[in-house]
Each structure stands twice: as structure tokens, then as C-alpha cells.
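The values are calculated or read from the model by the stated rules, or taken from the named source; none is laboratory data. Since the model is a prediction, treat every value here as computed from it, not as a measurement. FYI the Cβ positions are ideal-geometry reconstructions off the backbone, even for glycines, and counts take in every protein chain you see.
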Amino acid sequence: MADNDMQLEDMEQPQVPPQQQPQAGDNGEALRTQISATAASRMKLPPFDADDPAPWFGYAELQFRLRQVTVPVDQFTVIASSFLPGSSIFREAAPILLSVPNDGSYTQLKEFLLRGHTVSEFQRLETLMTAEPLGARRPTDMLAEMQSLCPAGEEETAFFRHAFLRRLPAEIRNFVLEEKGPLRAIAERANLFQTSLSSRPGLAAISTEEETVAAIGGQKRKGQPQQQQQRQPQQQKPQRQQQPAANNPTPVQLAQQSAGLCFAHWRWGANARSCKAPCSWQGN
């Protein structure tokens, strides 16, 4: 009975084809080399990122591990074949790319490209200081781009928070200006407010439109002669009487109503200490 059990156990074990079983010594090394060369011949990398080469090499080496491209010469071949002849990168690294590859060629090529294309800390900070405003991006996307330029350990400093907040539109910045906690959480709150504004097309342009009108009006007043400025009140049409605030809610109030939240949960989220119905906050 014991012999039968032993035979059954042996039959249940997965069997590796004899030609693929790694062997000690030269046979095992030959098989490893064969697997590496075969995988390298089928591997194709995305275009080289000259603006940020370190993550590109990190992705390439991840693919090497997944596909078992373990031989340095094969790794060099994959990297070298990703550069098109005639491209600026190919011309730049031509002395290495066109040389006979050896076990040190991959390391030599990697160090050469990293040294020539890695952005200095000064350049990263210069880019961070001159970054564009939010535009059509989400606040969390802009934060991720800015954090990629920020020196390690500086992502939550007062200076970096200021650099992030000043690139938000005025209506979004005013909404999250007093928020505490991690900057990522503040950016997510800004996402929510941005979505609420975009759900009402007329609201997203209110602040920008008012600022533009005010700026144009200021320029006209500066450029008008004194007599024209004195006649201006006579030419203005009588303004309509403003409606009460309850019938003319602000953009923030409209966004709050659209989200279905009470003021406390809309302003403070999970940190709210009170709640007034109606409110759609989770857990109510």
C-alpha cells in the first residue's frame, strides 16, 4: 500500500520536459543563456525618455526580470535596438552602440545616458518654480507633476504647499486654503470642488469673468482723461436692484447644493463636528 501511495504521489508532481531541466555546470548555464537570448529577441521597449531616463531604465530592468533576460549582453542589445538610427540619442551614444558588446556594455551605456540626461536639482527646482497654472488638469494630477520635481522630503513643507495652492484657480484655492492635513487629501478636496463647478458650466467661468471685467475696467480708468472719468457716472445705466442673497447663491453655495452635503461636511469632510439635514454624507 505504501508503494502504491508513493507511485501516486510521484505521478501528481508536475514534470519538466527533459530538454528544459536546468542542469549543473555548463548545461545549466547554456540553458540560461538560451532563455535570455530568446526572450531578448522578442522584447521591445517604449521610446527612450530623455527628459527622465531613470524611470525608463527602471521599467526596462523590470521587464528583464519578468522575461528572464539575465545576460548583460542581451540587456545591452535590447536597449541599443530601441534607438532609431539617425536619432539624436543614437548619434550621441554611437561610440558605445556600435562597439562589440561585452559583459560591461549595458552598465556603460546606462551610466552614459543617465549622466547626460539626468536633470540637476537646480533645473528641477527651476521647472517647479515656473510651472504652469492648473488649466484643464485635475488638482491631483498637477500635484503629482509638482511632486516629481520636488526634492525628497520637501513634499509637505509650507513652501511647497504655497507653490501648489497658488497655481489653483481663485475659487478653488479659497475653498481649500484653510485645509489642514496631507497635501494629497487637500488636492482630492480640490478635485471634488472642481467637479462641482464643472457640473454647472456657468459657475466655472464666474471668477475668471469677473476678474477679466475688473482688469479691463481698471485699464480703461487709467487710460481715460479726467473729463471722461467725470462724465462716466452720467452715462451709466441704473443698475438693477440685487436680489436677496437667498435667491442669488454664491458659486460655493451652488456647488454645496449640487453635492447634497450640509455646510459642515462640505467644508470639513470627515472632520466635521456637526451635521444638519439634509445631508448625503456617508454614515448619516
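Can you tell me how many residues in the range 64-79 are in contact with a helix residue (DSSP H, G or I) (Cβ under 9 Å, 6 or more places away or on another chain) and under 14 Å from residue 32 (Cβ atoms)?
Result for the range 64-79: 10.
Here are 133, 101, 46: which of them is surrounded by fewer than 17 Cβ atoms within 10 Å (Cβ to Cβ), over 30 Å from residue 163 (Cα atoms) and not aliphatic (A, V, I, L, M)? Steps first, please.
On the way: 133 fails: over 30 Å from residue 163 (Cα atoms); 101 fails: surrounded by fewer than 17 Cβ atoms within 10 Å (Cβ to Cβ).
So the residue among 133, 101, 46 that is surrounded by fewer than 17 Cβ atoms within 10 Å (Cβ to Cβ), over 30 Å from residue 163 (Cα atoms) and not aliphatic (A, V, I, L, M) is 46.
Give me the pairs, please: first residue somewhere in the range 73-95 and touching a residue at least 40 places away in the same chain (Cβ under 8 Å) and within 17 Å of residue 51 (Cα to Cα), second residue anywhere and of a type outside the set (Val, Ile, Thr) and surrounded by 18 or more Cβ atoms within 10 Å (Cβ to Cβ), beta-carbon distance under 8 Å, and either six or more positions apart or on two chains.
89/48; 89/83; 89/113
Looking at the range 129-136, is at least one residue assigned by TED's automatic domain parsing to the domain that holds residue 188, part of a helix (DSSP H, G or I) and modelled with pLDDT under 85? Before the answer, list the steps.
We begin by selecting, within the range 129-136, every residue assigned by TED's automatic domain parsing to the domain that holds residue 188; these are 129-136.
This time we only want the ones that are part of a helix (DSSP H, G or I), so: 129.
Going one step further and asking which of them are modelled with pLDDT under 85, we end up with 129.
Yes, because at least one residue in the range 129-136 is assigned by TED's automatic domain parsing to the domain that holds residue 188, part of a helix (DSSP H, G or I) and modelled with pLDDT under 85.
Name every residue in the range 119-128 that is among the hydrophobic types (A, V, I, L, M, F, W, C) and part of a loop (DSSP other than H, G, I, E, B), in order of residue number.
Within the range 119-128, 119 is the sole residue that qualifies.
Which of (1) of a type in the set (Ser, Thr, Tyr); (2) closer than 27 Å to residue 79 by Cβ; (3) surrounded by 14 or more Cβ atoms within 10 Å (Cβ to Cβ) is the odd one out, the single condition residue 148 does not satisfy?
(3)
So how many residues does the range 137-165 have that are free of Cβ contacts under 8 Å to residues at least 24 places away in the same chain, closer than 17 Å to residue 189 by Cα, outside any loop (DSSP other than H, G, I, E, B) and within 13 Å of the chain's Cα centre (by Cα)?
2
Which ones in the range 73-98 are assigned to a helix (DSSP H, G or I), surrounded by fewer than 18 Cβ atoms within 10 Å (Cβ to Cβ) and not hydrophobic (A, V, I, L, M, F, W, C)?
81, 88, 91, 92, 95 - these are the residues of the range 73-98 that are assigned to a helix (DSSP H, G or I), surrounded by fewer than 18 Cβ atoms within 10 Å (Cβ to Cβ) and not hydrophobic (A, V, I, L, M, F, W, C).
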